[in-house]
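Have a look at the structure below, then the notes.
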Amino acid sequence: MSKKLKVGIIGLGSMGSTHLDIYSKIKGVEVVAVADSIQSRLDGSSKAEGNISGQAEGGVSGLSVKKYLDGMDLINNSDIDIVDICVGTDLHYIFVEAALAKNKHVLVEKPLARTYDEAQKIIQLAEQSTCHIMSAMCLRYWPAWVFLKEAIENSTYGKCLSLNFRRQTSFPGGAFYSDDNQCGGALLDLHVHDTDFVNYCMGLPDAVFSQGYKGPSGGVDHVVTNYIFNKTNASPLVSSEGSWTMQEGYGFNMSYTANFENGTLSYLLDGEETLKLSRDAQSENIKLKEGMGYEFEIRAFVDEILSGNKTNLDLLSQAAKTIAIIEAEKISIETCSVVAIKA
């Protein structure tokens with residue numbers, strides 16, 4: 001394919017703005033349209049901020065692109081090849097459905113949908129479509145997590161004994177995050193990253209046991225989960241914690257600790273990004289590939305389209321099943337019980 005793929009981005013929040021930045025770095029694509037229901041974001045007089053250094057650095061100011069207040073009008077633009085959906089989670093399904101109906105390739109921000117039922121419908125649409133669709137679960141492409149997955153699969157440091165993930169920040173604020181019906185609380189909007197990586201790396205858990213409490217979204221905004229694997233006694237202990245109930249000024253961090261028979265990996269993204277390996281009574285920092293998962297996932301999606309490969313339905317189905325795990329976690333919190341995964 002010699003011509004550039006033309007991209008339209010719906011939603012100019014922190015992720016939409018981040019995606020806008022990334023497309024400008026990739027050969028073979030060109031952003032030709034953006035849409036947002038907030039006029040000031042379209043004209044560049046206001047801009048969303050990211051919670052990680054490197055997010056949402058640019059903006060629409062100075063860009064010669066078509067601008068729409070309604071994302072459906074963007075989808076109806078016949079010039080667009082790829083629709084990048086960065087709207088509220090509760091709107092993912094209707095925009096995915098509309099874009100695929102117009103034969104557009106679709107990149108949809110995490111989580112895939114607001115509910116597992118909607119996510120299953122997206123899978124059905126993807127199976128019937130000749131277009132490509134990706135769920136933007138960025139940890140699958142984040143260098144530190146890529147390193148961890150390979151270490152587990154290759155037994156680089158022997159058998160994996162335990163995995164712990166943590167993701168914490170203060171409440172992001174705003175109407176969307178203040179409505180659990182729209183965002184799903186930190187349980188779905190934030191914690192979904194680590195739940196998805198557990199699913200991606202270890203496979204679907206048999207059950208979960210979760211504890212948590214409600215916060216400013218009106219839903220579960222702080223959760224601690226143990227993922228239970230009954231398939232083999234060799235399965236590691238796996239847990240994660242997600243919260244956006246930290247006090248204002250706390251900042252943002254995400255981390256993991258992975259303990260193996262012959263070494264311990266510990267990663268922290270705080271002010272900087274550090275991956276440390278401890279073994280033989282010594283510790284060393286591991287140099288990671290530069291870049292964020294957002295960039296690598298978008299490059300992978302563009303490459304998939306340009307190469308003519310089929311949509312990776314296994315990865316898409318995993319993203320759907322991740323929402324089933326999240327919904328089981330919610331039930332576990334409400335009932336204080338172990339809940340089997342039905343996916």
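The values are calculated or read from the model by the stated rules, or taken from the named source; none is laboratory data. These figures come from a predicted structure and were not determined experimentally. Cβ: placed from backbone, ideal geometry, glycine included. Neighbour counts: every protein chain shown. Note: accessible area is taken over every heavy atom of the protein model, side chains too, but ligands, DNA and RNA are not part of it. Shrake-Rupley method; radii C 1.70, N 1.55, O 1.52, S 1.80 Å.
State to the nearest 20 debye the size of the charge dipole of region 244-329 about its Cα centre, where the only charges are +1 on K and R beta carbons and -1 on D and E beta carbons.
Here the size comes out at about 220 debye.
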Response to the item:
Sorted by chain and then number, the residues having a modelled amide H within less than 5 Å of the amide H of Val29, at least 5 places away or on another chain, are Leu5
Worksheet, complete the sentence: Taking N as the residue count of region 127-177, its alpha carbon Rg divided by 2.2 N^0.38 Å gives 1.74
Worksheet item: In debye, nearest 20: dipole of the chain around its Cα centre with unit charges on the Cβ of K, R (+) and D, E (-)?
Response: 600 debye
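Please report the carbon-and-sulfur percent of the accessible area for region 220-291; probe 1.4 Å, protein heavy atoms only, DNA, RNA and ligands left out.
43 percent
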Practice prompt. With label points built 7 Å along Cα→Cβ from the Cα atoms of Asn285 and Ser37, find their separation and express it in nm.
Written response: 4.4 nm
Item to complete: Can you give me the three principal axis dimensions of the chain from its C-alpha atoms, in Å, biggest first?
Response: 57, 44, 42
Worksheet entry | Within region 199-215, backbone nitrogen closer than 19 Å to the virtual label 7 Å beyond the Cα of Lys342 toward Cβ | 204-210
Worksheet entry | For the chain, calculated [θ]222 nm from helices alone, where every DSSP H run of n ≥ 4 adds -39500 (n - 2.57) | -9500 deg cm²/dmol
Worksheet item: How much of Arg166 can a 1.4 Å solvent probe reach, expressed as accessible area in Å² and rounded to 10?
Response: 100 Å²
Worksheet item: Any idea what % of Cα-Cα pairs in region 217-323 are farther than 19 Å?
Response: 69 percent
Item to complete: Return one number: the angle in degrees, 0 to 90 and rounded to the nearest 10, between the long axis of the Cα atoms of helix 116-128 and the longest principal axis of the Cα atoms of the chain.
Response: 60 degrees
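For every other residue with a beta carbon closer than 15 angstrom to the beta carbon of Pro111, add +1 if it is Lys or Arg and -1 if Asp or Glu, then tell me the sum.
The answer is -4.
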Fill in: Proximal lysines relative to Lys321, as straight alpha-carbon distance under 23 Å, when same-chain residues fewer than 8 apart are discounted
Lys110, Lys121, Lys149, Lys231, Lys310, Lys330, Lys342
Worksheet item: Build a GNM of the chain with springs between Cα atoms under 10 Å: which of Tyr227, Tyr116, Tyr213 gets the top mean-square fluctuation?
Response: Tyr213
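Please report the carbon-and-sulfur percent of the accessible area for region 57-173; probe 1.4 Å, protein heavy atoms only, DNA, RNA and ligands left out.
44 percent
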Fill in: region 157-300, accessible area per residue, ligands and nucleic acids excluded (1.4 Å, Å²)
45 Å²
